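First comes the structure, then the notes that go with it.
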Amino acid sequence: MNIILLGPPGAGKGTQARHLVDIRGMVQLSTGDMLRAAKSSGTEMGQKVAAIMDAGKLVTDEIVIGLIEEKLTSESGAGFIFDGFPRTLAQADALAALLAKLGQSLHTVIEMRVDDDALVKRIAGRFTCGDCGEVYHDETKPTAAEGKCDVCGSNKMQRRADDNADSLRTRLMEYYKKTSPLIGYYYAKGDLRPVNGLADIIEVQKSIEAILG
Ligand code: AMP
């Protein structure tokens with residue numbers, strides 16, 4: 001079963017994707033994580049996208065489609081969770097073509113609905129564990145012990161370079177201009193299932209599980 005988690009930055013796509021990996025053995029394909037990995041390992045592509053990402057703009061379709069194509073052919077599990085991909089209509093068409101080539105299809109597109117004020121608050125306090133990727137928040141989900149990951153005990157807490165007010169504005173603008181048309185696109189295809197991304201994490205998990213069955 002292959003699914004897309006669709007929603008603006010800060011909607012909780014990564015958190016829900018990680019849960020589905022844990023409970024269902026699905027494979028999370030986050031183009032944001034792949035690009036950040038390329039950026040921190042200093043590959044040529046990583047250097048090319050670094051400034052674009054920090055500013056909150058979308059990188060080119062060609063780059064992200066290439067990343068997804070590579071993973072689709074090299075990874076396997078109980079289905080793929082596309083997290084942060086597709087973000088443009090061209091990416092959505094490319095994904096349909098790639099899946100068809102592999103004899104696969106898309107099961108559901110989960111739209112995570114969150115209002116804009118809530119996004120700004122969520123993103124402003126967000127930090128993650130640099131070792132296991134667990135996501136925390138200064139106010140709503142702090143670590144039990146200051147600076148120490150509850151899950152793996154690491155003290156490598158990180159804040160994303162693009163989680164600041166300026167890039168967030170650009171990321172939201174990019175979302176509304178280029179990504180939100182995908183809601184209509186998948187609705188028209190009959191694949192779209194909305195969930196309330198403002199509910200607490202466990203409630204959102206339950207709504208997604210009810211949809212996936
Ligand atoms: P994310 O972690 O999904 O919020 O992505 C972080 C940044 O990576 C975005 O603001 C973009 O600069 C870039 N990015 C991630 N996924 C895509 C995509 N599918 N298309 C274009 N740019 C992307």
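Could you look at the chain and say what percent of its accessible area is carbon and sulfur, using a 1.4 Å probe and all protein chains?
Values: 5550 of 10720 Å².
After summing per-atom areas, the C and S share lands at 52 percent.
Applying both filters, DSSP loop and at most 15 other Cβ atoms within 10 Å, to the trypsin sites (Lys or Arg not before Pro) of the stretch 94-174 gives K156, R159.
If you take all other residues with their beta carbon under 15 Å from the beta carbon of I65, and give Lys and Arg +1 and Asp and Glu -1, the sum is -1.
Computed extension length for K141-A51: 29.5 nm, one decimal, from 0.36 nm per residue of separation with the Cα-Cα distance subtracted. Once the 1.4 Å probe is applied to the protein heavy atoms, the chain comes out at 50 Å² accessible per residue.
In a fully extended conformation the segment linking S74 and M1 would gain 24.6 nm over its present Cα-Cα distance, using 0.36 nm per residue.
Here the mean projected area of the convex hull built on the C-alpha positions of the chain is 11.3 nm². Distance cut-off 30 Å, Cα to Cα: go down the list K48/K141; K13/K71; K48/K178 and report the pairs above it. K48/K141, as the Cα separations exceed 30 Å there.
Amide H contacts of H137 (H built 1.01 Å from N, in plane; Pro and chain starts excluded): F127 sit under 5 Å, all sequence-distant by 5 or more or on other chains. Would the stretch 1-87 count as rounded, prolate or oblate if I go by the C-alpha gyration tensor, calling it rounded below 1.5 in a/c and otherwise prolate when a/b exceeds b/c, oblate otherwise? Judged from the Cα gyration tensor, the stretch 1-87 comes out prolate (a/c at least 1.5, a/b above b/c). Here is the list for the stretch 25-111: GluC sites (Glu not before Pro) lying in DSSP coil, each with at most 12 other C-beta atoms within 10 angstrom of its C-beta, are E75.
Counting other C-beta atoms within 10 Å, and keeping those with at most 14, which DSSP coil GluC sites (Glu not before Pro) do you find in the stretch 119-213? Don't jump to the answer; show the numbers that get you there.
On the way: sites: E134, E139, E146, E174, E203, E209; in loops: E134, E139, E146.
Taking the stretch 119-213 and a limit of 14 other Cβ atoms within 10 Å, the loop GluC sites (Glu not before Pro) found are E139, E146.
The values are calculated or read from the model by the stated rules, or taken from the named source; none is laboratory data. Here the structure is a predicted model, which means the values were calculated and not measured. Counting neighbours? That spans all protein chains shown, and the Cβs are built from the backbone with ideal geometry, glycine included. Heads up: the accessible areas ignore ligands, DNA and RNA and are worked out on the full protein's heavy atoms, side chains in. Shrake-Rupley method; radii C 1.70, N 1.55, O 1.52, S 1.80 Å.
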